[in-house]
Structure formats: C-alpha cells, structure tokens
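Before any comments, here is the structure.
Rule-based calculations on the coordinates, nothing more; no lab input. Only a predicted model underlies this, so the values are computations on that prediction, with no experimental measurement involved. Every residue, glycine as well, gets a Cβ built from its backbone with ideal geometry; the counts of neighbours run over all protein chains shown.
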Amino acid sequence: MDYPLWVIPGIGGAMVIAVISVFHVFISHFAVGMGLYTALAEKKAMNSDNPEAMKFVKRTSGLILYVSAIIGAITGVGIWFSIALVHPAGTSALIHNFVWGWAIEWIFFVLEIVAILIYYYTWDKVSAKFHNFVAWLYFIGAYLSLVIINGIITFQLTPGKWIKTHKFWDGFFNPTYFPSLVGRTGVCLMLAAIFATLILSFVKDMDVKTSFGKFTGIFGIVGIILTYIGFYWWAKAIPANVAGEFLGGNETLSEFFRNAAILGVITFIVLFIWTIIIPKRMNIIVAIVLLILGQAAFGYYEFTRERARKPFVIRDYMYSTGVLVNEVEKLNEKGILSKVKWANPLNKKDKLSIGEAVFKAECMICHDWYHFNSKPLFSSISDDPDDNLDILDSLDGNNLMPPFVGTDKEKEALAFYLAKLAKEREKEGKNE
Amino acid sequence: MNSFLNYIPAPDIAPLPSPGWLFVFFIVFTLILHLLFMNLTLGGSILMIISRWRKNYGKEISKEIAKFNTFTISMTITTGVAPLLFIQVVYGQFFYSSSVILGWKWLLVLAAIAAGYYFYYLYKLAPDYKGFGWGVAATILLLYVALMLVTNTSLSMQPEKWLPIYTHKISAFDVKALVPRFLHMLLAAIAFTGVFLMAYSKLRKSLSSEVAKAMYDFGKNSFFGATLLQIIVGPWFFFANGHEIYSKIISNPVGIIFLIIGIAAGLLGVYFVAVKGESVMKLSVLIIIAMVSMVIVRRVVENAYFSKYFDYTKLKVSPQWDVFILFCLLLVGLLIVLFITFKKNYFELKNKKEAING
C-alpha cells in the first residue's frame with residue numbers, strides 16, 4: 001500500500017470498521033424493511049375503523065426518521081470513511097471500478113432521505129393516499145440502495161468473471177449477487193418486524209396489538225424464510241474451497257456460520273409464539289430478546305462473510321495488506337517497503353526498525369499488538385527469530401493468511417521484530 | 001533522495017471508468033448542490049446563536065432556524081456524499097493520504113455530525129424557547145466539522161506537509177491558507193443564510209408580521225456584515241495561497257473571469273442594501289451567482305495545486321458508458337419524481353389546510 005498507514009495500537013483499524021459496520025448493517029437493513037412494513041401497515045390502517053391503528057403506524061415511522069435516517073445515514077458514510085482510513089488501496093480499487101454504481105446508489109439515497117422527511121412531517125397534513133405513496137417512494141429508494149450496494153459487497157468475496165474481464169457488470173452480477181440479495185431482503189423484513197415489536201409492546205389497544213401483531217409476525221417469518229433460502233443458496237454459490245472454510249474447515253468460521261443458523265431458528269420460534277399465537281402478550285422483554293437474537297444471528301453471518309474473504313480485500317485480486325496478487329513477484333524482488341514507504345517514514349536502516357515497518361505493512365491490518373486479533377499472532381510467534389522465519393515461510397499453506405511478501409532481508413527483519421514482541425509479551429505476562 | 005514527492009502514492013492502477021473531465025464536472029456540480037444546504041446548516045447555526053441575543057424577537061428567530069435546519073443538515077449530509085465520491089476517483093492518492101494523516105480527527109467528523117444532529121432536535125423539540133444550550137453544542141460540533149473539511153481539503157493539496165505532520169514535527173493545522181480559507185467559507189455561509197432568512201420571512205406564512213420583519217432585517221444585516229468582512233478576508237485568502245497559486249488563478253481565463261463575477265456579485269449586493277434599497281429576488285440571484293462563481297474559482301485553485309504533482313488528464317481511461325448513461329437516466333428520473341412529489345405535496349398541504357379552515 002502506497003498510502004500513509006493509520007496506526008492505532010490497542011484498537012486496530014479493523015476494529016474501528018467492525019464497530020461502525022455492526023451499527024450500520026443492522027440499521028440499514030432495518031431501514032429498508034421498515035419502508036415496506038410502513039407502506040403495507042399504513043394501507044392496512046387506512047382500511048381499519050380503529051384510529052389507534054394509524055397512531056401505531058405513525059409511531060413506527062418515527063423509528064425510521066430518528067434512527068435510520070440519522071444514524072443509518074451517518075454510519076453508512078462512516079463505513080466509507082473508516083475503510084478509506086484503514087484500507088485506502090482497497091477503497092480506491094472499489095471506487096475505480098464501481099464509482100458509477102455508487103453514484104447510482106447516491107441517487108436512491110437522495111430519494112430515500114427526501115421521502116422520509118416528507119413522509120414524517122406530513123402526517124395528518126396530506127391525504128392518506130398521497131401519504132402512502134410517499135411511503136412507497138421511501139421503500140423503493142431504500143431497497144434500490146441495497147440492490148446496488150449488494151453488488152459491490154458480494155463482488156469483494158466472489159469477483160467471478162471480473163478477475164479476467166474487469167468489466168463492471170461482470171463484477172456486479174457476480175456468482176453470489178442474487179443469493180445474497182434474497183438473503184438480505186429476508187434480513188430486512190426480519191429486522192423490521194423485530195423493531196416493530198418494540199413499538200407493539202407498548203400498544204394498549206388489544207385489537208391493534210392482535211391484528212398488527214399477526215401482521216408483524218407474518219412479515220418477520222416471511223423474512224426469516226427468505227433469509228434461509230438466500231443464505232443456503234449463497235453458501236452453495238461460493239467456490240467450494242472458500243465455502244469449505246465455514247462449512248467445517250475452519251473452526252471459528254464454522255462456529256460463526258452455525259451460530260447464525262441456530263439463532264435464526266430461535267428468533268423464528270420466539271417471533272412466531274409472541275406474534276401469531278399470543279400477540280396480546282407481546283411485551284418489552286420479549287421485544288428486547290428478539291432484538292438481541294435477530295441481531296446476533298445476522299451479526300454472525302456478517303462476520304462469517306467478512307472472515308471468509310480473508311486473506312483478500314477483493315478475492316484473488318488484492319490481499320488484505322493492499323498488495324495486488326499480480327505484484328507479489330515484483331515486491332519479492334524489490335521489497336515490500338519499496339511500496340509501503342509510509343511504514344518507515346524516517347527511512348531508518350537498523351534491523352529492528354525495518355522489522356517493525358514490515359510488521360506495519362503486512363501484519364497490523366489484521367493483528368493489532370494488543371487486542372484486536374492479537375491472540376493468534378502471539379500464540380504463534382516465538383522469541384527465537386529462526387522459528388519465526390519458519391512460520392513466515394509456512395504462511396503460503398494457510399488459506400486465511402496472505403503469503404509473506406518482500407525480500408529475504410525484510411523477512412529476517414520481521415522475524416527478528418516478532419521475536420522481540422514475543423519476548424516483551426512474555427515479560428509482561430511474568431510481571432502480571 | 002528522500003523528497004516528499006516520493007511519498008505521494010501512485011494513482012490507482014485501475015483505469016478511470018470515464019474521462020477525468022467528467023468527474024471534475026460532477027465534483028463542481030454536486031459541490032454546488034452540497035453548498036446550497038451546507039451554507040444554511042453552517043451559517044444558520046451561527047445565526048441561530050447570534051440571533052438569540054437580539055432584543056427584537058431574537059428567540060423566535062433562533063428557534064425558527066433550528067426548525068428548518070434539521071432538514072438542511074439531512075440534505076447537507078446527503079448531497080455531501082457525491083463530491084467526496086468523485087474527488088476520490090480523480091485525486092484519491094491525495095485525499096486518502098491527507099485523511100489518514102488526520103486519522104481520528106477526520107473520523108470524528110461523523111460522530112460530531114451525528115451528535116450535532118441530535119442536539120439540534122433537542123433544541124427544536126424543547127418546549128417554549130428552552131434548550132438553547134443544545135443549540136450551542138450543536139453549533140460548536142458543526143464548526144468542528146467545517147474546520148476538518150477545510151483542513152483535509154487544504155492538506156490534500158499540500159503533500160509537502162504530509163511527512164512533518166505524520167511524524168509529529170508540526171501540527172495538522174499548520175497548513176497554508178487554512179485560517180483565511182475557513183473564515184472565507186464561514187462568512188460566505190452566513191451571508192448566504194442571511195439572504196435565505198430574508199426570503200424565508202416573506203414565504204413562511206405562519207410567522208407573525210413582527211417576527212417576519214425582525215427576521216428580514218436580521219437576515220439583511222447578516223448578509224451585509226458578512227459580505228463587508230469578505231473585503232478583508234477574501235484578499236487575505238487569495239494571497240495566502242502564495243504567488244505560485246494566485247498567479248495561476250489570474251492567468252487562467254476561467255479563474256479570473258469567475259473571480260471577478262463572484263466579487264462583483266457580492267459587492268453589488270452590498271451596494272443594493274446600503275444605497276439603492278434591496279429586493280429579496282435581486283439578492284438571491286446575486287448570492288447564487290457569487291456562490292457558483294466561487295465554486296468554479298475553487299476548482300481552478302484545486303487544479304493549480306494538484307497540477308504541480310500530477311496531470312489527471314493523462315490517466316488511462318476505460319469507459320463504462322453504459323453504466324454512466326444509466327446513472328444519467330436515473331438522475332433525470334429522480335429529478336422528475338422529486339418535482340412531481342413536491343408539487344403534489346404542495347397542493348395536498350394547501351387543500352388539507354383549506355379543508356380544515358373550512
């Protein structure tokens with residue numbers, strides 16, 4: 001990576017992205033699903049004689065404005081800001097290929113935001129028919145944003161034919177595009193239903209609670225079923241060697257994927273009981289349990305997808321380190337620090353400084369010195385540089401790690417630096 | 001040789017998906033859209049604070065600004081995404097580098113916007129005229145956002161500062177022309193919002209005639225005062241860029257023509273207010289002309305800085321015309337849908353009001 005490096009020991013750039021993304025994926029999927037939910041629920045309330053029904057819809061629509069249009073929009077931009085800080089090379093590669101896709105998404109983003117502002121502030125001030133039309137506009141804008149961004153996210157994991165052609169549509173409609181779209185559509189519905197139970201639990205009118213409870217239940221259950229279909233298909237559409245990692249190959253990844261599936265089933269059961277069978281008993285505790293279950297299920301899936309992509313940012317094109325697959329040979333000759341100049345900005349020549357610079361260039365993005373993912377690092381390295389050299393040589397055989405890239409001198413310096421880190425950690429351990 | 005030039009990243013190896021000039025056009029076009037709202041957000045925030053201390057209906061004016069600014073913040077964020085996207089295509093190696101060098105300071109911009117946004121709501125929704133402290137907090141946060149945007153833009157154009165800042169030898173704010181640039185933007189935002197308040201006071205029917213009059217005068221004075229101050233800050237900013245840059249602006253026909261138009265529009269507005277008697281329409285047209293002209297001058301300045309290091313017209317292009325055409329069609333579609341929706345919304349609001357009033 002030619003760019004300056006954002007060094008934040010103790011946190012790690014990947015952790016920053018993860019924290020912002022966790023917020024964003026939940027809110028954004030909820031925001032899309034809630035658009036459909038509100039449009040349909042408003043229609044249902046229009047046909048109802050009970051004025052409480054419309055009040056319920058109004059309250060749920062407030063969630064979209066105050067949560068999704070503010071935090072959703074800002075965390076969305078936040079992911080983009082943070083990936084640009086942590087991984088400018090990857091971000092630049094994505095933007096160079098998909099800028100017009102992003103520009104199209106921006107159009108839908110504008111539609112989405114304008115529609116929700118009009119929708120929320122014209123409650124009771126315009127005809128019900130027009131108001132409902134604006135809800136549909138919001139949903140269309142929000143859903144089409146997903147339709148676009150899904151192409152870019154899935155591209156990173158399965159770039160498909162793009163690797164050879166470098167054509168926009170080959171990358172966009174990649175092998176996991178449609179499965180992921182179906183799965184994510186399901187997640188949108190599921191999360192909207194779950195958030196709606198938060199409002200439902202405070203509804204006092206038993207008619208509204210029952211009829212909208214059932215409506216919410218059906219909405220969420222359709223969502224969970226779609227989620228299962230989509231992600232089953234998704235797992236099948238991924239090249240076998242990659243899918244193998246989360247279908248038994250790698251312990252952590254497989255556990256993540258299994259947890260996503262199991263928690264999804266439990267969410268289904270809880271939702272079914274408290275919305276379809278005993279909707280009158282829906283209360284805030286059940287709603288919060290659902291919220292945690294649903295988010296955890298989806299969260300595990302998102303982590304599986306992110307981890308399955310390792311050691312690439314764009315599979316088979318660019319490694320997590322920002323090194324392009326096709327430049328490995330050149331960099332083995334010239335040295336990784338010929339590219340990552342910012343890892344050693346003062347151009348120090350001693351072995352330890354070079355080792356530290358190589359660490360910053362190749363390891364830091366995934367393994368922080370202290371917390372983020374430092375465990376696998378410190379459980380592998382040794383205080384003997386020769387052992388570390390063996391580890392670095394063996395990276396070629398590890399599916400989730402990129403190969404060491406650089407000259408032998410750089411490799412030795414890194415092994416030397418890792419030995420120093422191991423010694424320091426050992427000392428700290430003894431002191432504790 | 002360890003020159004700073006060695007530390008400027010190479011442009012992305014992927015070809016541009018359209019010719020560079022097209023992205024430059026969209027940077028300018030979407031920046032104009034963004035500034036329409038950004039000026040109101042930033043200038044409105046300052047005026048929301050200042051107006052509070054006015055004896056004459058100050059509280060009412062302050063609260064009214066808080067009300068419309070929750071919309072403008074949303075639109076500022078939404079329209080701000082586009083120019084940031086396009087700048088990354090053409091000048092990514094500069095923009096990413098300066099962003100990384102700013103690090104947390106840059107990322108905190110988003111937290112500041114989110115918190116500022118919620119604080120705005122707390123002020124807006126507070127009963128009577130309470131909650132002013134939230135308004136002040138929001139304004140401070142938005143000023144931080146403005147400062148960081150200006151800092152990142154300036155830093156991206158001055159790669160000679162990158163290493164010293166990265167290695168903590170100098171402060172991140174130690175970049176050329178930062179202070180005048182910031183003040184120039186701030187005053188422009190205040191002047192713009194001043195004219196907007198004049199128009200708003202005429203259009204907003206729910207305001208009492210006394211409040212409307214007070215708001216009109218306040219808007220006029222804000223425009224007048226801020227634009228007068230530009231007579232000092234404008235040249236300060238111009239010359240602070242250094243001879244190399246300002247001579248490039250003067251020698252570029254586009255740069256000099258739009259610079260003159262922009263300055264003339266501002267001064268003409270001041271002249272109308274002070275001597276001839278102003279009209280909202282005239283001032284609105286003049287301030288828009290001034291803003292658009294200055295965005296074009298800004299582009300000339302940007303090019304003057306970046307062209308020292310790199311010529312974006314020489315980048316390899318592998319056009320994606322089909323996707324671009326789809327983008328254009330959807331953009332036109334969006335404008336049509338928004339136009340129809342706003343029109344319909346206007347009539348719906350009117351009909352319903354008439355129905356209620358009988």
Checklist entry - Mind listing the phi-derived Karplus ³J(HN,Hα) values for the range B:55-61, rounded to whole Hz, using 6.51, -1.76 and 1.60 with θ = phi - 60°, and x for any glycine or proline? => result 5, 7, 6, x, 4, 5, 5
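If R₀ is 22 angstrom, what is the calculated FRET efficiency for the pair A:ASP350 and A:ASP386, using the beta carbon separation as r and rounding to 0.05? Present the calculation step by step, with values, prior to reporting the outcome.
Details: r = 20 Å, r/R0 = 0.89.
The pair A:ASP350/A:ASP386 has a calculated efficiency of 0.65.
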Checklist outcome for this item: Taking Cα atoms only, helix A:73-86 is inclined relative to the longest principal axis of chain A by an angle, in degrees rounded to 10, of 10 degrees
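For the pairs A:LYS167/B:LYS161; A:LYS125/A:LYS209; B:LYS276/B:LYS353; A:LYS167/B:LYS308, note any where the Cα-Cα span goes beyond 28 Å.
A:LYS167/B:LYS161; B:LYS276/B:LYS353; A:LYS167/B:LYS308
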Next on the checklist: Using only Cα atoms and rounding to the nearest 10 degrees, what angle (0 to 90) does helix B:253-271 make with the longest principal axis of chain B?
Outcome noted: 20 degrees
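What do the square roots of 5 times the Cα gyration tensor eigenvalues come to for the range A:1-113, in whole Å, largest first, as semi-axes of the equivalent ellipsoid? Each step should come with its number before you reach the end.
Numbers: eigenvalues 283, 54, 13 Å².
After scaling each eigenvalue by five and taking roots: 38, 16, 8 Å.
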Item to check | In Å, descending, principal axis extents of the Cα set of the range B:235-358 | outcome: 68, 54, 19
Next on the checklist: Strictly over 27 Å apart at the Cα level, which of A:LYS204/B:LYS130; A:LYS334/A:LYS420; A:LYS330/B:LYS105; B:LYS205/B:LYS352 would you flag in this model?
Outcome noted: A:LYS204/B:LYS130; A:LYS330/B:LYS105
Item to check | Equivalent ellipsoid semi-axes - Cα gyration tensor, the range B:143-258, angstrom | outcome: 36, 18, 11
Checklist entry - How large is ³J(HN,Hα) for each residue in the range A:264-277, as worked out from phi by the Karplus curve 6.51 cos²θ - 1.76 cosθ + 1.60 (θ = phi - 60°), to whole Hz, x for Gly and Pro? => result x, 5, 5, 4, 4, 5, 4, 4, 4, 5, 7, 10, 9, 7
Item to check | Alpha-carbon radius of gyration plus Dmax, which is the widest Cα pair, for the protein assembly as shown in Å | outcome: 28.0, 90
Item to check | Computed E for B:ILE231/A:ILE284 - FRET, C-beta separation, R0 60 angstrom, nearest 0.05 | outcome: 0.50
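How large is the Kirkwood hydrodynamic radius of the range A:245-392, in angstrom, based on all distinct alpha carbon pairs? Walk me through the numbers on the way to the answer.
Values: mean 1/r = 0.0525 Å⁻¹.
So the Kirkwood estimate lands at 19.0 Å.
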Item to check | Sparse-neighbourhood loop sites, trypsin sites (Lys or Arg not before Pro) in the range A:336-379 - DSSP loop, at most 16 other Cβ within 10 angstrom | outcome: A:LYS348, A:LYS349
Item to check | Nitroxide proxy distance, nm - points 7 Å out along Cα→Cβ at B:SER284 and B:SER251 | outcome: 4.2 nm
Item to check | Karplus-derived HN-Hα couplings along the range A:58-68 (A = 6.51, B = -1.76, C = 1.60, θ = phi - 60°), whole Hz, x at Gly and Pro | outcome: 4, 5, 5, 5, x, 4, 5, 5, 6, 9, 7
Item to check | Those trypsin sites (Lys or Arg not before Pro) in the range B:32-62 that DSSP places in a loop and that have at most 11 other beta carbons within 10 Å | outcome: B:LYS55
Next on the checklist: I need B:MET291, A:MET46 ordered by Cβ neighbour count within 10 Å, fewest first.
Outcome noted: A:MET46, B:MET291
Checklist outcome for this item: For the range B:288-358, shape from the Cα gyration tensor axes a ≥ b ≥ c, cut at a/c of 1.5 then a/b versus b/c, turns out oblate
Item to check | Under 5 Å, built H, 5+ apart or other chain: amide partners of A:MET364 | outcome: none
Checklist entry - So who's got an amide H within less than 5 Å of the one on A:PHE312, skipping anything under 5 residues away but keeping other chains? H placed 1.01 Å off N, in plane. => result A:SER320
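For the range A:53-164, what is the convex hull (Cα atoms) projected area averaged across all directions, in square nanometres?
So the mean shadow area of the Cα hull is 8.3 nm².
Determine how many Å³ per residue the convex hull of the Cα atoms of the range A:273-355 encloses.
150 Å³
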Next on the checklist: Principal axis extents for chain B, Cα atoms only, whole Å, descending order, please.
Outcome noted: 77, 46, 41
Checklist outcome for this item: Per-residue Cβ contact counts at 10 Å, fewest first, order B:GLU60, A:GLU333, A:GLU255 as A:GLU333, A:GLU255, B:GLU60
Checklist entry - Rounded, prolate or oblate: which one fits the range B:132-192, using the alpha carbon gyration tensor with axes a ≥ b ≥ c (rounded when a/c is under 1.5, else prolate when a/b beats b/c, else oblate)? => result oblate
Checklist entry - Does the range A:169-220 come out rounded, prolate or oblate by the C-alpha gyration tensor, with a ≥ b ≥ c the root eigenvalues, rounded set by a/c under 1.5 and, if not, prolate when a/b is larger than b/c and oblate if not? => result prolate
Checklist entry - Given only helices, namely DSSP H runs of n ≥ 4 each adding -39500 (n - 2.57), what is the per-residue ellipticity at 222 nm of chain B, to the nearest 500 deg cm²/dmol? => result -28000 deg cm²/dmol
Checklist entry - Sequence-distant or interchain residues sharing an amide H contact under 5 Å with B:VAL317, placed H: which? => result B:LEU16
Next on the checklist: Please report Rg (one decimal) and Dmax (integer) in Å for the Cα set of chain A.
Outcome noted: 24.6, 81
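When averaged across all projection directions, what area in nm² does the alpha-carbon convex hull of the range B:17-170 cover?
For the range B:17-170, the mean projected area of the Cα convex hull comes to 10.3 nm².
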Item to check | Dimensions in Å of the range A:361-400 - Rg and Dmax from alpha carbons | outcome: 10.5, 26
Item to check | Cα-based Rg of the range A:12-65 normalised by 2.2 N^0.38 Å, two decimals | outcome: 1.60
Checklist entry - How well do other chains shield peptide B:66-75, expressed as the mean number of their Cβ atoms within 10 Å of each residue Cβ? => result 2
Checklist entry - Taking the range B:1-77, which chymotrypsin sites (Phe, Trp or Tyr not before Pro) meet the DSSP loop condition and have no more than 12 other C-beta atoms within 10 Å? => result B:TRP53
Next on the checklist: Using 0.36 nm times the number of residues separating A:GLU424 and A:LYS125, minus their current alpha carbon distance, what extension gain do you get?
Outcome noted: 100.9 nm
Checklist entry - For the charge dipole of the range B:142-274, defined by +1 on Lys and Arg C-beta atoms and -1 on Asp and Glu C-beta atoms about the Cα centroid, which residue among B:ILE250, B:THR193, B:HIS168 has the Cα displaced farthest towards the positive pole? => result B:THR193
